[in-house]
Amino acid sequence: MERRQSTARRVNPRRPYVISARGLKRIILGAEEGSRDLLLSHHAAARKQLRTTQPFERHMLVLVHADRGMLDEHARQAIAAAALLADGATGVVVAVLGGTTADLGECGADAVFNLPQLDALRFCPEQALALAQALIARYRPAHIFVPDRGADGDLGRRLAARTGRTVATDVVELDADGACRLVPGGRFARCALPQIVLLARHAADADLPFIGHGVVEEGGVPETLQPGVRDLGLETSSPDQIGLEEADFILSGGNGMRDMDTFGALAKALGAATGASRVAVDDGRFPRAKQIGATGKTVQASAYLALGISGAVQHLQGIKDCRHVIAVNLDDSAPIVKRANLTLVEDAQALMGALLRQVEAARAAASA
C-alpha cells in the first residue's frame, strides 16, 4: 500500500495548541509588556508541590504526538487525566512522538520519553506501535491514555487491535471507576475504565494543582520494518485549494486593510491562506467563503495574522482555537489586542509593504 500526503499549509492535528491568559505579549512604540505576568506564572508553577514522593509500584502510560517540539492543549489534557487518576504509588509515563523540550512535569508527567525520529513529517505506524508495545512490556501500565484525534487516535486504535486490550473512544468524562462518551441522540454511554482511553478535547483540565517529577528518560525506538507501507513524502499545493478550517497560516484583512493588491502579493509571498472579517466581506472586498467568525468559518491556524481587524466578539469566536494571533492595528485598545499574542500598533498598509519587501529580500538573498 502506498500513502500520499500533501504539504498544503493544513493544520497539523498534532500541532501544539497553547493559549495562556498570562502569556500576552504586546509591542507598542518599542515598549514591551507582559513580562511581569509571565514571571508570576513561573512563580506560581514553582510553588506547586509534587503529586507524590512515594516509590512507584504501578504506572499509567500516555502516548502523544508533538509538532515542532511542542504539545498542544489536547495532549496536555491527556497527560493531566492520567495524573489526576493516579494514586500515590502510580507513576505517569509519557511517550512524546516527535520529542519536546517542554517541561512536562507541569502537566503531571513523572517520566518522559522523547522520540524525535517519530515526528509529524513521517508516516511510520509500525514503528510507533513497536514503541508503544515496548513501553507496555517495560511498565505494564494499568491504563493507557491517548488524545482522540489524528495520528494519536489512529495509534490508539491500532494498539487496541494489535494487543486485544479494551478501549473506549471519544471519552468526554472519566474517573477512577469508569469512562463516559457521548453517543448519537445526545445520550451518554458509560463503561468501566478500559485499558486504553482515547480522550476527547476538554475531558480533563490541564491546569493541575500539583506537578510531576518530569524526569526525561533515555530510550531507543525498536527498529521495525514498514510492511506494505511506503512514505511518498509531502506534496505542495496552493493555500487557496484547501479550506480555511484546515489552513495552518492565515493572512486576514479587516476594515483597516484597504490595499488589496499588496495584501494578495503578501499572502502569495508568505504562502498563506486568506481570510477576512465580516465588515471586509460585506463591502465586497472578499467573497463570503473567506469570512471568519461565528457567522463564518471557525479556524485553528498555528499563525493568524490579522490586518486592520478590530476584533468584534463574533470574529474572536472564530479564531479562539488559533495558536498564535498577531494583530496589526492603529488602535491599541481594540478588542483583538486582548486576544493577540503579539500586537503591532501600526498602519496595515505600511506594515504589509514593509513585510513584503523583507520577504522578497530574504528570498533573493537565499537564491543568490
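The values are calculated or read from the model by the stated rules, or taken from the named source; none is laboratory data. In this text, all values refer to a predicted model and were calculated from it rather than measured experimentally. Note that we place each Cβ from the backbone using ideal geometry, even for glycine, and neighbour counts take in every protein chain shown.
If ALA327 meets every condition in (1) of a type outside the set (D, E, K, R); (2) without any contact (Cβ under 8 Å) to a residue 24 or more places away in the chain; (3) assigned to a loop (DSSP other than H, G, I, E, B) apart from one, which number is that one?
ALA327 satisfies all of (1) of a type outside the set (D, E, K, R); (2) without any contact (Cβ under 8 Å) to a residue 24 or more places away in the chain; (3) assigned to a loop (DSSP other than H, G, I, E, B) except (3).
State whether one or more residues within region 279-290 are under 19 Å from THR343 (Cβ atoms) and either at pLDDT 95 or above or in contact with a Gly (Cβ under 6 Å, 6 or more places away or on another chain) (or both). I'd like the intermediate steps shown before the answer.
From region 279-290, those under 19 Å from THR343 (Cβ atoms) are none; that's our starting set.
Within region 279-290, not a single residue is under 19 Å from THR343 (Cβ atoms) and either at pLDDT 95 or above or in contact with a Gly (Cβ under 6 Å, 6 or more places away or on another chain) (or both).
For the condition among the charged types (D, E, K, R) and either more than 19 Å from ILE144 (Cα to Cα) or touching a Pro at 6+ places or on another chain (Cβ under 7 Å) (or both), what is the one hit in ASP110, ASP87, ASP103? Show your work before the answer.
Working: ASP110 fails: either more than 19 Å from ILE144 (Cα to Cα) or touching a Pro at 6+ places or on another chain (Cβ under 7 Å) (or both); ASP87 fails: either more than 19 Å from ILE144 (Cα to Cα) or touching a Pro at 6+ places or on another chain (Cβ under 7 Å) (or both).
Criteria check complete, one pass: ASP103.
Being assigned to a loop (DSSP other than H, G, I, E, B) and in contact with a helix residue (DSSP H, G or I) (Cβ under 6 Å, 6 or more places away or on another chain) is the filter; apply it to region 195-210 and report the residue that is surrounded by the most Cβ atoms within 10 Å (Cβ to Cβ). Give the derivation first.
So in region 195-210, the residues assigned to a loop (DSSP other than H, G, I, E, B) come out as 195, 200-209.
If we keep only those that are in contact with a helix residue (DSSP H, G or I) (Cβ under 6 Å, 6 or more places away or on another chain) too, we end up with 201, 204, 206, 208.
On the way: ARG201: 17, ALA204: 24, ALA206: 20, LEU208: 19.
Residue satisfying both the conditions and the ranking: ALA204.
Might you check whether a residue that is assigned to a strand (DSSP E or B) and either within 26 Å of ASP103 (Cα to Cα) or touching a residue at least 60 places away in the same chain (Cβ under 8 Å) (or both) occurs anywhere in region 177-194?
We begin by selecting, within region 177-194, every residue assigned to a strand (DSSP E or B); these are 178-183, 187-192.
Narrowing further to those that are either within 26 Å of ASP103 (Cα to Cα) or touching a residue at least 60 places away in the same chain (Cβ under 8 Å) (or both): none.
Checking region 177-194: not a single residue is assigned to a strand (DSSP E or B) and either within 26 Å of ASP103 (Cα to Cα) or touching a residue at least 60 places away in the same chain (Cβ under 8 Å) (or both).
Any residue at all in region 50-62 that's within 22 Å of the chain's Cα centre (by Cα) and buried (at least 18 other Cβ atoms within 10 Å of the Cβ)?
Just the residues of region 50-62 that are within 22 Å of the chain's Cα centre (by Cα), to begin with: 61-62.
Within this subset, residues satisfying the condition of being buried (at least 18 other Cβ atoms within 10 Å of the Cβ) are 61-62.
Yes, some residue in region 50-62 is within 22 Å of the chain's Cα centre (by Cα) and buried (at least 18 other Cβ atoms within 10 Å of the Cβ).
Can you say whether VAL313 is surrounded by 17 or more Cβ atoms within 10 Å (Cβ to Cβ) and among the β-branched types (Val, Ile, Thr), as far as the supplied structure shows?
Details: surrounded by 17 or more Cβ atoms within 10 Å (Cβ to Cβ): no; among the β-branched types (Val, Ile, Thr): yes.
Criteria not met by VAL313.
Only one residue in GLY220, GLY185, GLY156 is in the same structural domain as ARG140 (by TED's automatic domain parsing) and modelled with pLDDT of 90 or more, so which one is that? Before you say what the answer is, go through the steps one by one.
Details: GLY220 fails: modelled with pLDDT of 90 or more; GLY185 fails: modelled with pLDDT of 90 or more.
After ruling out the rest, the residue left standing is GLY156.
What number of residues within region 243-280 are among the hydroxyl-bearing types (Ser, Thr, Tyr) and either under 20 Å from the mean Cα position of the chain (by Cα) or surrounded by fewer than 24 Cβ atoms within 10 Å (Cβ to Cβ) (or both)?
Restricting attention to region 243-280, the residues satisfying the condition of being among the hydroxyl-bearing types (Ser, Thr, Tyr) are 252, 262, 274, 277.
Still in the list and also either under 20 Å from the mean Cα position of the chain (by Cα) or surrounded by fewer than 24 Cβ atoms within 10 Å (Cβ to Cβ) (or both): 262, 274.
Result for region 243-280: 2.
I'm trying to understand the selection: among the residues of region 91-139, which are in contact with a His (Cβ under 8 Å, 6 or more places away or on another chain) and of a type in the set (Phe, Trp, Tyr)?
The answer is TYR139, and nothing else.
Rundown of residues vs (1) in the same structural domain as VAL216 (by TED's automatic domain parsing); (2) in a strand (DSSP E or B); (3) in contact (Cβ under 8 Å) with a residue 60 or more places away in the chain, yes/no style:
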residue	(1), (2), (3)
GLY99	yes, no, no
VAL112	yes, yes, yes
PHE123	yes, no, yes
ALA132	yes, no, yes
LEU135	yes, no, yes
ARG138	yes, no, no
VAL146	yes, yes, yes
